[in-house]
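Beneath this line is the structure, given in structure tokens, with notes to follow.
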Amino acid sequence: MREDDARLMTGNEACAEAALVAGMRFFAGYPITPSSEIAECLARRLPQEGGTFIQMEDELASMAAIIGASLTGVKSMTATSGPGFSLMQENIGYASMAEVPCVIVNVQRGGPSTGLPTLPSQSDVMQARWGTHGDHPVIVVAPSTVRETYDWTIKAFNFAERFRVPVVVLLDEIVAHVNEKIIVPTRGEFEVIDRDRTTQDPKDYLPYALTDSDIPPFADFGSGYRYNVTGLSHDETGFPANDPKKVDLLHRRLNRKIERYRNEIVHYKTELLEDADIVVVAYGSTARSAYRAVRNARALGLKVGIFKMFVLWPFPYQELDKLARRVEKFIVPEMNLGQIAHEVTCAAKHEVAQVNRIDGGLITPDEILEAIKNVSV
Amino acid sequence: MFPYEKYLRRNKFPHIWCTGCGCGIVLKALLRAIEKSKIAKDDIALVSGIGCSSRTPGYVDFNTLHTTHGRAIAFATGLKLAKKELNVIVVTGDGDATAIGGNHFIHAARRNLDMTVVIYNNYIYGMTGGQASPTTPAGKKGSTAPYGNIEPAFDVSALAIAAGASFVARSTCYHAVQLDKYIHKGLLKKGFSVIEAMTPCPTYYARPNRLGNVVDMMHWYKENSIPVEIARKVSEQEKKEKITIGILHDAERPEYCEEYQKLSARIMKTDNK
């Protein structure tokens, strides 16, 4: 990492560039504020890299197209914002069910409905987890800075490939549009993972084989393995099945494959927690204000620390439960009405203080500091 | 005897289609067209949405993709662009392609993306129990149109031509020989090809509309279809409520994958300067 590799970039640009570095060569999308710069950047960059960019007719089609492309073995991605993310839910469920690796970037804006197109929000946390119908596995990452956006976009592709799941990169308008200096990491500084591919004879290949890892090896469409893919409940062969035993086996495996590897996925950073009796739990752009608030509170002699999340789902229940045994007071600032606060409450098993804004304004360090002062008395 | 066995996944039979359903006739026409085209099984991706016709991929030995309702063409777009050497065929129904999937259908036609779309048009939603579809003729009954349909119907082929498809043909399950001829032409055509196959649904369309059994429906197709060459010469009145069959449209237009490859070559060359 060298200072002369420093560049000025927005989160949206960092996301697009990192996706290319991760090996993404297919993008399908539909214009929507505040995510459009990702599509614009890739419309310019993908033909240069021998990849494919296509602007589809809507978000339903964008999500469908990236699944189609990924089935041929090409790393694929789309980018959108709240209203478009709602439309993508149908086929996000398909990607979960058919175990097709892909990355969906959602630059959050105020909702519901058309809401606040140009202003920040963090109100899609639950849509990212539960937006599509049915019990399904999902991984959601939420960076706070331009550099984190770069790193976690690469990691999002790695998770998608490793676990054969759709992965959501949950940005917010601030992270997406802020221009920051970043030192772009060199190729040796990060890992790039490709999906595990079968080496079996096509005659013996079972596309949804039950394996020790719970993650079936992949075969690229059109590579000599003629198999069936469906959104219906299916058995190891990939053909529809409604035998209760087979259905149960499939759905428990789909969910287990994230649960059992949660320690590889869950990621957070703590600071100043050793002597703390107050902890601020934060993510996304709100974490930036939280850091400043914590420093200012420390300057006033208040014993406060921070628990900053990089991965929202799977949620760090166990880690927060452990923390709650020695720290009593939790504060959760977020640009919604308490979507993560609710989960922190579940983990800590008691009420937590909240700082919420849903007016399109960002949460300031002073607002969080005020909450710290309130709980400390 | 035509070697259907070569293409079938025998252990997936019996199929789910009703007695007298036209889906099997279209499937056989599709297999005859594929055999004639000499395209290898490994190089074919057969994509479908949801509905009776969309169950076709499960029975045949290709790379098969059974997707969500209406989205088959959008999935197929990703497959084709990411692997241009694949021959992509979409099998879909009137509801799947022109109601829930109407937007994808017209835009793929507009782009003129190289794929062959076979639309099984039976005038009804069969899988869900006989609800009216965008092609149910005005006045006809469906379970959601118990007093007769008050909506005018889509002409699927006219829609495809207007949206920009390169090749558009229509046949019926009575005219099965023409059907595989048109599908074959569609497979060879570079661009977006649409073959509209009129298929009988004796269970959910004929019964509520008192159109008799499947033999009666086949007779109806025979008596009420007119070749496009004749249709062009007769008055609107004479072809009212008739089905025009034949190659309705065959044009040369720039194909999307080729245009993209040209663009990509130009950009990569510029960058290397």
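The values are calculated or read from the model by the stated rules, or taken from the named source; none is laboratory data. It should be emphasised that the depicted structure is a prediction, and the values quoted were computed from it without experimental measurement. With ideal geometry, Cβ positions are generated from the backbone for all residues, glycine too; neighbour counts draw on all protein chains shown. Accessible surface is based on the protein model in full, side chains and every heavy atom, while ligands, DNA and RNA are left aside. Shrake-Rupley method; radii C 1.70, N 1.55, O 1.52, S 1.80 Å.
Here are a few things to note about the model shown:
- Test set (1) within 14 Å of another protein chain (Cβ to nearest Cβ); (2) farther than 20 Å from A:Asp58 by Cα; (3) among the basic types (Lys, Arg) - B:Arg111 fails condition number: (2)
- The lone exception for A:Thr114 - which of (1) without any contact (Cβ under 8 Å) to a residue 40 or more places away in the chain; (2) at the interface with chain B (Cβ under 10 Å from one of its Cβ atoms) it fails: (2)
- A:Arg298 being more than 29 Å from A:Val107 (Cβ to Cβ) and at pLDDT 95 or above: yes
- When the stretch A:208-224 is filtered for residues that are of a type in the set (Phe, Trp, Tyr), assigned to a loop (DSSP other than H, G, I, E, B) and more than 8 Å from chain B (Cβ to nearest Cβ), only A:Tyr208 remains.
- Out of A:Pro83, A:Pro137, sole residue that is of a type outside the set (Gly, Ala, Ser), away from chain B (no Cβ under 14 Å) and not in a helix (DSSP H, G or I): A:Pro137
- Every condition in (1) closer than 16 Å to A:Glu99 by Cβ; (2) not in a strand (DSSP E or B) is met by A:Tyr150 except one, and the failing one is (1).
- Unique match (being open to solvent by 30 Å² or more (accessible area, probe 1.4 Å), out of contact with any helix residue (DSSP H, G or I) (no Cβ under 6 Å at 6 or more places or on another chain) and within 21 Å of A:Tyr150 (Cα to Cα)) among A:Ala39, A:Ala6: A:Ala6
- Members of the stretch A:1-44 found to be in a helix (DSSP H, G or I) and hydroxyl-bearing (Ser, Thr, Tyr), listed by number: A:Ser36
- Total residues in the stretch B:216-257 satisfying the condition of being on the phi < 0 side of the Ramachandran plot and open to solvent by less than 80 Å² (accessible area, probe 1.4 Å): the figure is 24.
- Test result for B:Ile50, within 13 Å of chain A (Cβ to nearest Cβ), open to solvent by 30 Å² or more (accessible area, probe 1.4 Å) and touching a Ser or Thr at 6+ places or on another chain (Cβ under 7 Å): yes
- If you go through the stretch A:338-356 and pick out every residue that is buried (at least 19 other Cβ atoms within 10 Å of the Cβ) and in contact with a Ser or Thr (Cβ under 9 Å, 6 or more places away or on another chain), you end up with 3.
- One residue stands out among those in the stretch B:73-88 that are more than 8 Å from chain A (Cβ to nearest Cβ) and either farther than 23 Å from A:Asp58 by Cβ or touching a Pro at 6+ places or on another chain (Cβ under 9 Å) (or both): the one that is surrounded by the most Cβ atoms within 10 Å (Cβ to Cβ), which is B:Asn87.
- Any hit, the stretch B:172-179, residues being out of contact with any Leu (no Cβ under 6 Å at 6 or more places or on another chain), open to solvent by 40 Å² or more (accessible area, probe 1.4 Å) and not hydroxyl-bearing (Ser, Thr, Tyr): yes
- Test: residue in the stretch A:48-62 that is within 13 Å of chain B (Cβ to nearest Cβ), touching a residue at least 24 places away in the same chain (Cβ under 8 Å) and under 24 Å from A:Pro207 (Cβ atoms): no
- Which listed residue is surrounded by fewer than 16 Cβ atoms within 10 Å (Cβ to Cβ) and not assigned by TED's automatic domain parsing to the domain that holds A:Val146, from A:Ala299, A:Ala293: A:Ala299
- Positions within the stretch B:63-72 being within 7 Å of chain A (Cβ to nearest Cβ) and either open to solvent by 10 Å² or more (accessible area, probe 1.4 Å) or in contact (Cβ under 8 Å) with a residue 40 or more places away in the chain (or both), in sequence order: B:His66, B:Thr68, B:Arg71
- Apart from one condition, B:Asp43 fits all of (1) facing chain A (nearest Cβ under 7 Å); (2) surrounded by fewer than 24 Cβ atoms within 10 Å (Cβ to Cβ); (3) farther than 28 Å from B:Glu252 by Cβ; the exception is (3).
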